[in-house]
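The values are calculated or read from the model by the stated rules, or taken from the named source; none is laboratory data. What you see is a predicted model, and the numbers here were worked out from it, not measured in a lab. Positions of Cβ are generated from backbone atoms using ideal geometry, with glycine treated the same way; all protein chains shown enter the neighbour counts. Keep in mind that these areas ignore ligands, DNA and RNA; they rest on the heavy atoms of the full protein, side chains included. Shrake-Rupley method; radii C 1.70, N 1.55, O 1.52, S 1.80 Å.
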Amino acid sequence: MTNSRTAPKPHISSYPPGRGRADAPPPVPSQLERRAGHDRAKWKGTNPGALFRVLAAHPVVGDALCGLGDALLEDLADRPRELVALRVSAVLDSVYVWTGHTHLALDSVLSRSEIAAVACGPAALAGRDTAVLRAVDELLADDRLARLTYFTLGSEAFGVIVATGFYRTLAAVARDLDPRPDIRPIAGLETPARARETHAGLAS
């Protein structure tokens with residue numbers, strides 16, 4: 001007599017023979033996880049933990065922001081990138097971003113007097129540095145570059161535009177964050193206002 005019940009189908013594993021879930025490769029860390037867990041040499045011991053915690057609370061957008069930051073590290077040279085970061089944070093009075101980038105820029109990219117000058121604006125520097133600061137001020141004022149500024153920057157114009165938007169976003173996200181204890185302020189450059197005082201003292 002034939003059994004009317006259908007025999008159960010054998011389970012076929014989707015894993016290769018000898019490998020199960022425990023042997024599966026570990027997940028690839030996100031941009032945010034890689035950045036937060038890696039103390040870059042050029043960070044000089046600083047680690048913006050408070051900012052990373054805010055970004056981690058919004059992992060999709062936070063990961064995208066970190067990816068854009070890494071792209072700017074590759075696409076824009078250190079000097080114009082730090083000029084943009086410092087000028088954006090000076091104009092918007094973002095002490096968190098300002099404090100972090102004074103550490104990143106000091107000595108290896110900009111001198112103490114040059115950082116203080118950034119807080120004062122385009123007229124305090126010269127040459128191409130002036131064009132970068134002027135570009136930041138124009139973009140923050142009405143989201144467009146003057147024709148002369150655009151042509152002066154040449155191939156760097158695109159990177160400066162994107163970097164200005166990036167640091168403007170970080171300044172807004174970090175608006176209420178205290179840089180301590182993540183980052184120790186540098187004497188004479190503690191805030192953009194203090195940097196302007198330092199510049200005035202150096203110029204007198």
Practice item. Could you tell me which residue of the stretch 136-183 is surrounded by the fewest Cβ atoms within 10 Å (Cβ to Cβ), considering only residues that are basic (Lys, Arg) and in contact (Cβ under 8 Å) with a residue 60 or more places away in the chain? Key: Arg175
**Study point:** Within the stretch 95-120, considering residues that are out of contact with any Asp or Glu (no Cβ under 7 Å at 6 or more places or on another chain) and in a loop (DSSP other than H, G, I, E, B), the one most open to solvent (accessible area, probe 1.4 Å)
**Key:** Asp107
Study note, to complete from the structure: Taking the stretch 155-204 and the residues there that are among the hydrophobic types (A, V, I, L, M, F, W, C), modelled with pLDDT of 90 or more and not in a helix (DSSP H, G or I), the one that is farthest from Leu76 (Cα to Cα) would be Ala187
Exercise for review: Given the conditions (1) out of contact with any Lys or Arg (no Cβ under 8 Å at 6 or more places or on another chain); (2) closer than 25 Å to Leu68 by Cβ; (3) touching a residue at least 40 places away in the same chain (Cβ under 8 Å); (4) part of a helix (DSSP H, G or I), report the number of the one that Leu133 does not fulfil.
Suggested key: (1)
Review point. Considering the stretch 81-94 alone, what residues qualify as being buried (at least 22 other Cβ atoms within 10 Å of the Cβ) and of a type outside the set (Asp, Glu)?
Key: Arg81, Leu83, Val84, Ala85, Leu86, Arg87, Val88, Ser89, Ala90, Ser94
Review point. Between a first residue in the stretch 87-103 that is touching a residue at least 24 places away in the same chain (Cβ under 8 Å) and on the phi > 0 side of the Ramachandran plot and a second residue that is in a helix (DSSP H, G or I) and open to solvent by less than 10 Å² (accessible area, probe 1.4 Å), which pairs have beta carbons less than 7 Å apart while being 6 or more apart in sequence or on different chains?
Key: Asp93/Pro192
